[in-house]
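The values are calculated or read from the model by the stated rules, or taken from the named source; none is laboratory data. Please read all numbers here as calculations on a predicted model, not as lab measurements. With ideal geometry, Cβ positions are generated from the backbone for all residues, glycine too; neighbour counts draw on all protein chains shown.
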Amino acid sequence: MANEDPQQRDRARTPRRKPAATVATPAAAAPPASAATGTSDAAIFREAMRDVRPLEASVDARIDPDPPKRPRARPRQERAARELPPPPIVDAANPPERLAFRRAGVRDGEMRRLRRATTAIEDEIDLHGLTQAHAYRLLCDFLEDSRARGLRRVRVIHGKGLRSGARGAVLKAAVDAWLRERSDVLAFSSARPVDGGSGALYVLLRA
């Protein structure tokens with residue numbers, strides 16, 4: 001140890017320094033293709049879409065207009081407010097117990113089916129106990145409403161007039177007269193006992 005070189009002793013005491021880390025310099029970002037070539041984005045888009053063609057409208061995609069709607073019958077309150085001609089007033093009447101009527105062209109078989117009600121009655125109206133004016137308006141509205149709904153066979157209840165006294169079955173005679181005057185009525189006949197008998201009518205309407 002006495003023969004140790006002083007220079008070597010100084011180098012052993014001096015701490016060694018670590019080499020400095022090398023910092024990489026980032027490479028410059030490449031310019032966008034448009035900048036490199038001098039072409040705008042719009043031009044590039046047009047070039048890409050050059051061969052694109054618009055699709056033709058599919059037949060299945062077309063929307064058809066709404067189908068025509070069937071006429072709907074107006075509410076009876078609205079129709080009752082319309083102006084109707086005054087009904088013919090029957091002061092006294094003694095109509096036959098059973099009524100029947102048919103226009104030319106109504107076949108015997110059709111009249112027989114109506115009289116026996118072998119075809120279902122589709123709707124009805126009850127008029128007995130009403131004044132002639134009120135009954136007339138309701139009857140007109142009922143018949144128009146029935147035809148608008150496509151009905152052919154309906155029942156009209158007029159009553160037998162048992163409480164009319166000496167005047168007789170006035171409303172029954174009036175309904176008989178009114179129905180004969182209507183061109184939309186093809187035929188009518190007194191109903192079966194189960195449906196009112198001589199106090200009601202089966203009515204056949206024009207299609």
Within the stretch 110-130, can you find the residues that are charged (D, E, K, R) and part of a loop (DSSP other than H, G, I, E, B)?
E122
For A133, state whether it is touching a helix residue (DSSP H, G or I) at 6+ places or on another chain (Cβ under 6 Å) and assigned to a helix (DSSP H, G or I).
no
Please work out which one of (1) free of Cβ contacts under 8 Å to residues at least 60 places away in the same chain; (2) surrounded by 17 or more Cβ atoms within 10 Å (Cβ to Cβ) is the condition A173 fails and give its number.
(1)
Test A177 against the stated conditions and say whether it is of a type in the set (A, V, I, L, M, F, W, C) and either over 34 Å from the mean Cα position of the chain (by Cα) or closer than 16 Å to V90 by Cβ (or both).
yes
Of V154, V106, which residue is of a type in the set (A, V, I, L, M, F, W, C) and either buried (at least 16 other Cβ atoms within 10 Å of the Cβ) or not in a loop (DSSP other than H, G, I, E, B) (or both)?
V154
Of the conditions (1) under 22 Å from G197 (Cβ atoms); (2) of a type in the set (A, V, I, L, M); (3) modelled with pLDDT of 95 or more, A120 clears all except one; give me its number.
(3)
What is the one condition in (1) farther than 22 Å from R112 by Cβ; (2) hydroxyl-bearing (S, T, Y); (3) touching a residue at least 60 places away in the same chain (Cβ under 8 Å) that Y136 does not satisfy?
(3)
